[in-house]
Amino acid sequence: MRHVLTLADLTLAEINRIFAITEDLKQKFAEGVREPLLPGRVAALIFQHPSLRTRASFEALMAHLGGSSIFLGDEAGFKSRESVADFGRVLSEYVDVIVVRAKKHDEVVELAKYCTCPVVNGLTDFAHPCQALGDLFTLRELLGKLAGHKLVSLRGAAAVYTDVWSSMGQEAEREKRLKVFAPYQVNAKLLKHAPRDAYFMHDLPARRGEEVTDEVIDGPRSIVLRQAANRMHAQKGLLVWLLGAKPAAMSKQ
Ligand code: CP
């Protein structure tokens, strides 16, 4: 049973395989082809926090692949109505894969222990492997390869990355964080320190005027929309690989 709770759960060879599937299915998607690689398969989507990208992209990709998804919000009772063990064992009887966005990473680790189908972390206070996969796929598309490139070093960086300054339960510290992080706002002045061809990245949602200015996020170096689009493509590659399906063009590999 393979779970993807952090990016470290995947080897480099596995990530390259997932990216090969992603590339193939992204190309087909652009041509209007939706290869039904997961007919009848069901993904459960457990969310303890709000989401646009993660929820909508998983729901859309399961539909593209001929499967379906079940959204489970607070009323499903993850961590509240019954033990995590009972929740995981029961849900695994119904679905083929579980995507979970939880308040605490440990809760996802505990859930995975009891599930008899793969569990994918859809964001915790520790890791966001789906975002990381989409971002790496995006940089690989633009740079041709990842080896040898730096992210956010600011000196010699291929891309400058920022995120909201308070999220995932840190909202009570918002005022304090605004003051502490203010010098790190990614604005035109700060971006001048990066190479002229460095990309600007953000996982979204953004708080414009805080961690990034409009002129940067809407500017020519911004690749935030490509990142958001690639969330769906990379997660499609991940689920097709995790559930053992093979795109027609790759069936002999
Ligand atoms: N980046 C990201 O995970 O977006 P959502 O919170 O909208 O899912």
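Bear in mind that the values in this text are calculations on the coordinates, not laboratory data. Since the structure is predicted, the reported quantities are computational estimates derived from the model, not experimental observations. Don't worry about glycine lacking a Cβ; one is built from the backbone with ideal geometry, like all the others, and counts go over all protein chains shown.
Just order 112-120, 191-199 by mean Cβ neighbour count inside 10 Å, highest at the front, would you? Present the calculation step by step, with values, prior to reporting the outcome.
Values: 112-120: 19.9, 191-199: 14.9.
The densest-packed peptide leads the list: 112-120, 191-199.
Check TYR199: other-chain or 5+ apart residues with amide H under 5 Å from its amide H, H built from backbone geometry?
ALA159, VAL160
Apply 1/(1 + (r/R0)^6) to the Cβ-Cβ distance of GLU14 and TYR184, taking R0 = 41 Å, and write down the FRET efficiency to the nearest 0.05. Don't skip to the end; give the middle numbers.
Working: r = 34 Å, r/R0 = 0.82.
Here the calculated transfer efficiency is 0.75.
Which whole-number percent is the relative contact order of the chain (Cα, under 8 Å, 6+ apart)? Before the final figure, lay out the partial values.
Working: 404 pairs, mean separation 60.0, N = 253.
The normalised contact order for the chain reaches 24 percent.
How far apart, in nm, are two points set 7 Å out from the Cα along the Cα-to-Cβ line at LEU7 and at GLU215?
Taking the two extended label points, one gets 3.1 nm.
Roughly speaking, what is the centre-to-centre gap between the range 212-243 and the range 15-55 when only Cα atoms are used, to the nearest Å?
One Cα centre to the other: 13 Å.
Just check the chain against the gyration tensor rule for me: Cα atoms, a ≥ b ≥ c as the square roots of the eigenvalues, rounded for a/c under 1.5, and otherwise prolate or oblate depending on whether a/b exceeds b/c. Show your work: numbers first, answer last.
Values: a/c = 2.13, a/b = 1.27, b/c = 1.67.
Judged from the Cα gyration tensor, the chain comes out oblate (a/c at least 1.5, b/c at or above a/b).
Mind ranking 156-166, 219-229 by how tightly packed they are, going by the mean number of other C-beta atoms within 10 angstrom, highest first? Mind showing how you got there, number by number?
Details: 156-166: 18.5, 219-229: 16.5.
Descending mean neighbour count gives 156-166, 219-229.
Would you mind checking LYS150/LYS176; LYS28/LYS104; LYS113/LYS236; LYS150/LYS236; LYS104/LYS236 for any pair whose Cα atoms are more than 32 angstrom apart?
Working: LYS150/LYS176 30 Å; LYS28/LYS104 37 Å; LYS113/LYS236 24 Å; LYS150/LYS236 26 Å; LYS104/LYS236 25 Å.
Listed pairs above 32 Å: LYS28/LYS104.
If you put +1 on each Lys and Arg Cβ and -1 on each Asp and Glu Cβ, how big is the dipole of the chain around its Cα centre, in Debye rounded to 20?
Working: 34 positive and 30 negative charges, 138 e Å.
The dipole of the chain has a size of about 660 debye.
What distance in nm separates the two pseudo spin-label positions at LEU143 and ASP106, each 7 Å out from Cα along the beta-carbon direction?
3.5 nm
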